[in-house]
Structure formats: C-alpha cells, structure tokens
1. Would you please name the residue that is farthest from residue 91 (Cα to Cα), looking only at residues in region 147-189 that are touching a Pro at 6+ places or on another chain (Cβ under 7 Å) and among the small types (Gly, Ala, Ser)?
2. Could you list, in sequence order, all residues of region 565-589 that are within 20 Å of residue 504 (Cβ to Cβ) and surrounded by fewer than 17 Cβ atoms within 10 Å (Cβ to Cβ)?
3. So, in region 135-165, exactly how many residues are in contact with a helix residue (DSSP H, G or I) (Cβ under 8 Å, 6 or more places away or on another chain) and without any contact (Cβ under 8 Å) to a residue 40 or more places away in the chain?
4. Given the residues 297, 320, which is the only one that is modelled with pLDDT of 95 or more, outside the structural domain of residue 17 (by TED's automatic domain parsing) and out of contact with any Pro (no Cβ under 7 Å at 6 or more places or on another chain)?
5. Specify which of the listed residues (214, 226, 220, 201) is β-branched (Val, Ile, Thr) and touching a Phe, Trp or Tyr at 6+ places or on another chain (Cβ under 8 Å).
6. Can residue 356 be described as outside the structural domain of residue 271 (by TED's automatic domain parsing) and either among the polar types (S, T, N, Q) or crowded, with 17+ Cβ neighbours inside 10 Å (or both)?
7. Can you go through 97, 40, 11, 79 and tell me which one is among the basic types (Lys, Arg), part of a helix (DSSP H, G or I) and assigned by TED's automatic domain parsing to the domain that holds residue 328?
8. Taking the condition within 30 Å of residue 281 (Cβ to Cβ) and either assigned by TED's automatic domain parsing to the domain that holds residue 39 or assigned to a helix (DSSP H, G or I) (or both), does residue 381 pass?
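The values are calculated or read from the model by the stated rules, or taken from the named source; none is laboratory data. Treat the numbers as computed from the prediction; the structure is a model and nothing was measured. Counting neighbours? That spans all protein chains shown, and the Cβs are built from the backbone with ideal geometry, glycine included.
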Amino acid sequence: MPGFETISKSRQINQRFAVLVLVAALGWSGWLSHLHMAGRATPLDYLEAAMTDLRMRLAGPRNPPDDVVIVAIDDEIVRREGGFPVSRATMAQLIERIATARPRALAVDVLFLEDGRQPEADRALATALTKVPAVLAAAAVFEDAANEDGIPVAAAVHRPIPLIGAAALSGLVNLSEDATGVPRHLPLVAKSDGGVAAAFVLRTAALAARSDPVLGEGQVRIGSAVIPLDLGYHLPLRPYGPRRTIQTFGAATVLDGTASLAALTDRVVVIGATALGGSDTFATAFDPVMPGVELLATGIGHLTTGDGLVRDARVRRLDAFAAMVLAAAAVLLIALAPPVPATILVLLFLTAWFAVGAVAFSRGIWLSAALPLAAAGLPTLLCAVARQTLDRRQSVKLARSEQALRQLQPAALADRLAWDPTYLAAPVTREIPVLFIDLTGFTGQSERLGPVRTRAILKTFHDLVDEIASSHGGLVVNFMGDGAMVVFGALDPDPARAENAVSAAGELIARTRQWITRDPELAGAGRVLDVRIGAHYGPAILSRLGSDTNQHVTATGDTVNVASRLLAVASEAKSRLAASADLLTAAGIDQPGDIFDERRMAALRGRSQPIEVWLKHDPGLPQ
C-alpha cells in the first residue's frame, strides 16, 4: 500500500534519534560519574545534601555505642567558673577525677595553644594527663581546599603548647562540611609542611584499641577492625541523633562526685564544650546546633564499632553505574515508547532508586541520590522536548503525506484503509454493480482546447463523477482518461447497492448534460459531447493488485468485463445508458419498459450467449 515507505522512513528517523540521545545521555552521565568518582565539588552537592538529610531523618536516630561517653563543659560548669573558657586548674581537677575511673582512653576537645596565666595550673594539667591515655585537640588551617589525591593539605597546624602537649598525643579536630555547611566527613589525615597529621578521632580510636592504625586503599585497620573510608581517607559521618544522644555527664557532676565514675570505667571519654553560646556547634539533620564534641564522639564511635556509613570507591562505582544505566534507560524510553507510559516508567525508575538508596542508607550504605537523578533527569527532559519537536515535524509530514495519498485514493477507501490496513489483503468475492463511464467525443474536443484547458475540464468531470458516486455509496476505483470505473457495495455489503447504482447512473447523465450546457468551453459541442454508461450486476473479485510497494484496490471478473462491453453497446446504440437486466432485477425494477427506451439482446465479444440489455436515450432516470 502507499505509505509503507513513509512509515519505514519515520521508524528510521526514530531509531537514529534514539541512538543520538543514548550517546548524549551516556556522555553526560559518564562525565558526571567521573566527577563523582574523583570527589569533585559540583552544584549537585546541594541536592545530595538535602537528599542525605532526608534519608537520615527517614532512618531515624540510632542507639549510640555504650563504650563512648561525653563529659560536657556545659552551662553549669561555665556558670561556676564565671565564664568561658574553664580554667586549666579546673581542667586538671576534672582529668584527675576521670583518671581515677580508669577509662580506656581520654579525648580532650579543648585547644591549649597558649601558655596559661598560671604556670602551676599548666603543670598540674600536664601531670593529670600523664595518669590516663589521652589525646589532645590540635587544629589545622586550610586554604583554597588544596588537596593531594583527595588528602587535605594544611597551610598550618596548631598544636598544644609543649608543656601540655608532651603529656599526651594530639590530633586534628577539623571536620569536613558539605556545600550547605553540614559536616559530612572527618578527614583522618592531613598533609602539612611538618608531615602527615592524624585526626583526633583516629588517634583516640587507635589509643583505645592499643593498636597503631594502618591506612590502606580506601580503608583503615585498627586492631582487627577494618573500616571503609571515602576518598582521601575521609570517614563518612552519621550522627546518632540530636544532642545528648550519646551518654553525657556534666563536668560539674563529675567534679562533685554526683556522677557515677563507674560509667566511665573502660570507656572512651570525650571532654568538650556543650555550653550554649559556644561557637563550636554545627547544623545536622537531627539538630540545628549540634556541639562539635558530639560529632567527634560520633566519629570515634564509628571507628571503634564500625557502625558508620560506607561510602568507598566501590559504592561510588555503583553510583556511577546506576547513573549511566538510568540515564540510558530513561532516554530510550522517552525516545521509543509512547510519551505517557515512558514518563511514568522513568519516574518509577527514579523513585525505585531513591527507595533503594533509603533502604541502603538505613543499613549503613551511602548511595548517591543526586547523581542518578541529575544523570537521568536533564537528558530525559531535553529528550522529551526534542521528541515532542520531532513528533510534531513528523506529524506534519505524515499529515501532508496522508493528504497526498488520500488524493490518490477515494475518500471512503482511504478512511477504510486508515482504520483497517488489512482491508482486501485477501481477495473477496461479492455480487456488486459495476459502472463503466465514458465522456464520448471528448478526444476531438481536447485537440481544440489544448492540454491545459483539457486537463482542467477533465478534472471537473472527474470531480462530478466522484461526487455523484460517493453520494450513492459508490467507489471510483479507476479514472481512465475521460472515463471511469465505479463499483457499489465494495467496502461493505449494501442491500441497496443495485438501486444506488441505477440512481447514480441517472443523476450522472442529467448532471453531465447540465455541465456541458453551462460550460462556455463545451457549450458549442452539442450532441458530439455526451456521457455513455455501461452497467452490470454480478459476482466480482475485490482485491489489491500491484507489487508489495505499489498497490491499488480494484474489481475483476466476468461482471467487470460485461460492464465494459455494455459501454460499447451504449456507444453503438447512441444511447446514454446500457444496463443489463441482471442489474435492473437486482435493483427491484420489475417493469424496465416504463423507464428505459429500448430493450435488446446484445451479443458481447467473448460470450457465447447474448445478454438482455436495456437502453436509455433520455437525459435522466427517476431518482
């Protein structure tokens, strides 16, 4: 049928479009994945931060480790001291008191960077620190986020004064914040001019385990425990809940003896400030003013129990794989599938990935939410816009092509083929009327009129034939120069097809005469120009003829041959209509003599027996 080539070309365009958007989506998602694998900062970090906080809230608070406790420099001790910071004499007393409980390790999140006003207090603090395995806070200064292989490079490191620092180990208390200012990682090491500096939490966890830490590729080994790390030996940070979720004792209660020292025995004790108004607070998913000491205690808990988040190179590779797969699947769906189901499926895929990420997060695996969303979201949006534009262009082309094809087929037949492309794929035998029509005498007139006017007049005649045939349920299956072949009841069985054929013949005769009379180009032709019709009724084969790529619908068989021969009979008898008795009987005309002018038995070429024919000379028939 006509149109197969257009459909095939449209499919080729869609396939090329799918390949193009697939390559673009893989390129985009691959680039984002590369940045993610390298730990580069991107605008996606803002989205990732929001999604991480959401998943943290969905997972909810967790039980903190029992072997980590906090002794808080809280509002009560600050009130007693008359202000902040707490004196070193008081700090010495506090550490002496904690040392009597024999903790596994003591971590002091207080910076002693300058000599105190009372040298004896500094000496007392140093003496107290020698009575317990202790780690003191040190601070690094970073500029321009410089790093080497992901390891931060410090411009300077500020450590405790020698007198106090000699009594204990020291470690960096710096935290790594994301683009929104929320602490997400604890860098376990940093490089400086003085070498590699270890983190406060790493020193404390190693001291508690009585084992030196061993840093490997993407992990740290402390004793028998192996903790996965993010890029650059960063420990992902996951708060257990809001402030005071980790067991906390006020420093004043420890000094007063109202707190049970047994709760500190064989535990990691972290001393740090929690007093309101202190500057050492951070916003987290559970608390907008989380004390820094609780985040450090959280990091120590992760290293001693292994209950932190896993976001190592393997997890990042999984993120990258998911991003590329989702991006490829999304654009292919948008490019090839119907728009609404495709959009729903893409949303389901992204929702499923977020659900998988939320479940994984609750079990300690930090999958990226922003990377797959951005990797699939932008290509999907652009692909949808491009697909809509392409579909519109193809629809316009298809509409133009369909309009052109409809001009090559009768309107009724084109409509039928549009909703039933298999129509007459297999031949059908049906009893139908067949009319052959000829504009007699037009050949001579065309020589007088010339090619341009001849074509215009023929088109007018063809329009007239098509209009009358269609109005009576007929189908013009072929225009042959100044003639035509019309069948009735071809699309669907029609009980009135024979009556319609007779009525159409009569109307065509009358209206053709009127047209010839009114047309100034033909008015002088007189009786030379007239219409002739041969009409018969009987079995015919309705089928498609032609090649696989160029077919037309037609009728064949003896009925068609007889109708064609009757046209010659009408011409010889100088009559306008030669209709077989079979047609008139089928039309329910019992007395043809009341309508037709002459009856004769006509011998037709190719037939052994003559056929009964009725001739009409007058301009019209009853409608």
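1. 176
2. Within region 565-589, 571, 585, 588 meet the criteria.
3. Qualifying residue count, region 135-165: 1.
4. 297
5. From the options 214, 226, 220, 201, the qualifying one is 220.
6. Considered against the rule, which asks whether it is outside the structural domain of residue 271 (by TED's automatic domain parsing) and either among the polar types (S, T, N, Q) or crowded, with 17+ Cβ neighbours inside 10 Å (or both), residue 356 comes out as no.
7. 11
8. no
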